[in-house]
Amino acid sequence: MSTISTQLRNFKEPTKEQQTQLFFALPPDMPRGEKDVELERMECQASLVLSGEEVFAGKLHLLPPYLAFCSLDRKSARFSIPLSTIRRVERLNARAGVYALSLSLYHGMKFVIHITSLRPTADLFCSLLRDALKVELQRGRMKTVKTFVKTCYSEVLVASAENEEKEAEAAKTDDNSSSSESAYLGGLGLKFKFPGDPKKLREASKTKLWTTYLKSHGRNLTLFRYAQCTRLVQVGLPNRLRGEMWETLSGSLYLRYENPDYFENILKENEGRINTATEEIEKDLHRSLPEYSAYQSEEGIASLRKVLQAYSFRNPETGYCQAMNILAAAILIYMSEEQAFWLLEVICDRLLPGYYSPSMHGTLLDQRVFEALVHRCLPILYDHFQQVDVQLSVASLPWFLSLFINSMPMVFAFRIIDCFFCMGPKVLFQVGLAILKINGEDLLQIQDDGGFIQLMREYFSKLGESAHPESSDPRARAITRFQELLLVSFREFAVITDDTIINERRRYRSEIVNSIESFSKRSAVRNLKTLGRFTKEQAGLIYDALFKAICVVPPPATVFPTPALLTTKDGSEERPETRIGLKTFKIFLSEICTWARDERVVTNGVSSRVERNIADHELIDRLFFFWDTSFRGALSFQDLLNGLDGVMFNDLMENIEWFFNLHDKNKDGYLTKDEVLTLSESLLFIFRFEVGDAYLGAVSRFMSNAFEYGDALLPRSDAAEPNDDSPQPQIESNQPYMNLATFRMVVLADEILETFFETDFNSTFKLEPVPLDMPSSNPSVLGSLWSNIASDDNRKFFNIVTDQIGRTIGKHQVYHRPAIGKITSLEEPKARESLLTPTMRHSTSSTSLNTGASDSSTNLATPSVSTSPSLLTVDTPTPKSKISPAEYSPMPTMLQAAANAAAYMERTPFAIDDAKDDEEDTDDESAAEDDGVMDEVDAFLEEHDTGLTDADRELAKDLINAEPV
Amino acid sequence: MADGASGSAERSVQVKLVLLGEAAVGKSSVVLRFVSNEFQANKEPTIGAAFLTQKCRLEDRVLRYEIWDTAGQERFHSLAPMYYRNAQAAVVVYDVTKASSLEKAKTWVKELQRQANPNIVIALAGNKVDLVQSSTAPAAAATSESEDEADDATATPGEAPASGESDSLRQVPREEAEAYAQEAGLLFFETSAKTGEGIVELFTEIAKKIPIDQILASSRGGAGRPGAAGARAGAQEGVNLEENAAKSKDSCNC
């Protein structure tokens, strides 16, 4: 599992408004066009008055483009209707003091609403309603109702019933209903038969009951739901009506109504696209309810493919999860592809959120909730399970994940699904608890998971049998086990309400998220191809830093590779993997590496604190691409670990080499002049907050030395005859210039750089998170008091206030915490004697390089010319860009001065002697001026040198031993 | 035979076995072949895990395999610990025609070795070997693992293609997987749920490697579930059955 999911972290509890929308099964807000006006929502107290003098007190919600109502008890009356189905609104002023509206709907229904809120509220509500209706009218939505409604079977049902009545009256036998029948959408069941025996299911009487209900209480878009509706659903929906009722009850109908043609379009747009999801879908198409005849035919398979693919295109993050195929196959029996597509969306995103996501956190969460409910409602059973170490989820997970479809016979599962769409996800918990309760006695006998599963399997296979076969009462005998199950579910576990589920989910959410995160951390570390030299704990720390960074800047959404790429590559290559971009990388690095962050220590006399920001420099970008060994423009956990492995365990020589390679962009073993300059800038960046100018001096010495050496070691046009006056080859700034050996030599010539590469650089990497606490060097009573009681929110404010105080009392101080922080006081920059100092000390001590260039021999001219631009770059950028803005800097003037000094004074005056002189002097001169360091350097070079040719080495030696002129 | 064995209930030992592996490598088919000697082309994908049992006679003992056949899709991975906890045996299945499935198998093995019972018996099974049957395969098998594969040669379809053209389907060389299995200390088999090749051997060898005596001892001791207790006890005395390899194979009734 190489994907790191932070989507769990980003979860937000739904707002009250969203909860209302959820309750009324309305589609979530869609991004609207610019033209659309943001319409105001409102709710007010109201009563629904029916013609039969029945009155339901409740709340009326205006949620454009919907109007919704729910009675106070939440079950005796509710509706959610699109505004476009409202044909007429009238204000009734029958009695004084009553604010009544009469509405008539598309299906000819008329109802009266009494707004019982105060008059101004009622007025406002009405005017908002008027505005919202106008907008719908302008959008032309009123006209769409007629065509949309034709797709619903209920229309046919009611129309044919009316026809029958007429026919009965007129005693006519003409069959004119067939013309209108063809338009409605239906599922595979129409052709391949619905599961179950229609007689046993009492289809005819159910259909009759529903026809009556739909005729008087509205249908599809305008359905009013009274207690009778729920009761009818609990008895089981008739097969032909089932698909439409699922749509209506779950609210997927509104999605289909609002997004005509969406389903066809998304399939067209993505035609021929192949990705992991479509491949997985393909594998399972023939394995979804294979016993149902439609799925043994190409027609059924094609429908299933369309629905699953369309969903995976619409929601690529979820894509496809096994069990969705079973759901889709099941609902396709009762509804068309388009209907199934929207219903699947409602199931996956709204009713069972997170169930089918890659982390399956919703599933895990609901399993935890279920366990908690069992603990609460069936404590004895729970204790027994604990005792024999049986895990509930082994049996209950598939119940929830596939809505019982592959656990119990389909006819029964569909009845549970009827209730699920009507009453919401709590049904799954209620039924689950009822199953356990009914089997309680037997469950107390089981000893292990296997026994549990087997008992459940037996129970499900006998659901159709009588629950009380021994009973003398024939009516009791007639009750099947399944009826008993529903009875227990909705009677005894009526205490499980929507709110129970919402609250329980909230309670266990963080527990689940944490366990998923620690699981994925463990498996991410375990699945690393190599740990390098890190321990598992260290790899865990790197993972933590990575995770933290991803939380701040999530990685770019995984882009689906083009089909061509997919087919050519091996499947394992395409396994989704979290890879981070440059932006996330910067945050990651700032967690681990001291120079990749800017830390400002602020003291204001009252308190002190550390402010941490992410640094931004070309060096960090360079590192990112340096570690991106597979050139994907993004780094995986493994890449980061490998990268850190390549730098954190280095010794002096390896560090130098690493730094060299980092800047050797084309990997030819040579740095160009430009790259030498970039390298110096990288060093300056790392040293940017060091106290004093020792490091600054070191870098400037490094630069001047680097160019002197580099030039001296340039291959001459004719190496055999150094005496010749042949001009030095001109080297472009982007040509190979300096090899590793030379670089090493230059670095080791400086004590500060040497210690930097030996130990300091390694210690800038710290895997353990460094807390932002101030070292308690300057504890002030008030400050520590505050930091103890302050929360994150008021801390910011506190800081601003104390900063102000600090400024006024002149104690406000800000300094940057250095990356290395070794040198704590200003010291005299102590330069190691350069390898070449003896020479220049005498030869050019009085002449500046520029003048030297003009009056020297031809051989000398080239190096000095090429050196001068480098000097310029030291001079100019150093004080301006590398030093932090003056206002934060504790001693800006001093730094400035130091920088200048470093640039001009500390630079060792240097020149290369004539080749001729070298020739003469080398043989007899012992390296008298060399100190021990020199020998050391020599030894190092001898040991590690690979890049130098013999001639180079010879030349270097000559230079070392050069005799003052 | 299996039913006859159930008479001696007190001697029957429960062994919890879990099947793991990438999606669609044929885990469920392997189980189905073992449990009911059938093969279904289109098996419903496993949601969570399927649970099956099969009795198996090993010498004078009767083993009752409790088989947990898990879902293979990557996202079900986090559910797997629920099924492999307390397992005494695991079969990690890969598909010999799909190189990536061996990689996935390796991560499963790693996970099992770190997270599952310390004494879990793990077998690696390269399934769908029927797709790559060719003349070269039996030769290699004969040298490397003669005792297991010898009488299995009859199972190979008579008209084994002479050329390597069907062999080109193979993405995981037997030698490679076998070397890995040896290095990681796993039992290794190449199987075909379709033809039945290697399936019985797979479960028989696992049975032989399981410390049955300890499971029996611990369950008699009334410690509760045989799984955890047996494994905790630790050593591997029960392997002395191994000598009678050929004999026991026949007696395993599947």
Quiz item: Tell me, A:Trp658, A:Trp627, A:Trp210, B:Trp68 in order of fewest to most beta-carbon neighbours within 10 Å?
Solution: A:Trp658, A:Trp627, A:Trp210, B:Trp68
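Among A:Thr759, A:Thr276, A:Thr363, what is the fewest-to-most ranking by other Cβ atoms within 10 Å? Display every interim value, and only then the final one.
Numbers: A:Thr759 14, A:Thr276 20, A:Thr363 26.
If I rank by nearby Cβ atoms, fewest first, I get A:Thr759, A:Thr276, A:Thr363.
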Quiz item: Sorted from fewest to most neighbouring beta carbons within 10 Å, what does the list A:Tyr226, A:Tyr815 look like?
Solution: A:Tyr815, A:Tyr226
Self-check item: Unit charges at the beta carbon, dipole of the stretch A:359-527: most positive-side option, A:Ser407, A:Leu428, A:His361
Solution: A:His361
Quiz item: Semi-axes, largest first, in whole Å: what does sqrt of 5 times each Cα gyration tensor eigenvalue give for the stretch A:359-527?
Solution: 30, 18, 15
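Restricting to Cα pairs below 8 Å that are 6+ residues apart, what does the relative contact order work out to for the stretch A:324-431? Please round to a whole percent. Don't skip to the end; give the middle numbers.
Details: 70 pairs, mean separation 23.7, N = 108.
About 22 percent, as a whole number.
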Quiz item: Over all directions, what mean area does the Cα convex hull of the stretch A:575-698 project, stated in square nanometres?
Solution: 10.0 nm²
Exercise. List every residue whose amide H lies under 5 Å from the amide H of B:Val121, counting only residues 5 or more places away in sequence or on a different chain, with H placed 1.01 Å from N in the peptide plane.
Key: B:Ala89, B:Ala90
Practice problem: With only Lys, Arg, Asp and Glu charged, each at its Cβ (+1 for the first two, -1 for the last two), find how big the charge dipole of the stretch A:359-527 is about the Cα centre; round to the nearest 20 debye. | Solution: 540 debye
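When 1/r is averaged over all different Cα pairs and the result inverted, which Kirkwood radius in Å belongs to the stretch A:197-323? Please list the in-between numbers first.
Details: mean 1/r = 0.0584 Å⁻¹.
Answer for the stretch A:197-323: a Kirkwood hydrodynamic radius of 17.1 Å.
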Exercise. Work out, step by step, the length gained on full extension between A:His286 and A:Lys583: first 0.36 nm times the residue separation, then minus their alpha carbon distance; give nm to one decimal.
Key: 102.5 nm
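Read-outs throughout are calculated quantities, based only on the coordinates presented, and are distinct from any laboratory measurement. Worth saying up front: this structure is predicted, and the values here are computed from it rather than measured. Cβ coordinates were reconstructed from backbone atoms using ideal geometry, including for glycine residues, and neighbour counts include every protein chain displayed.
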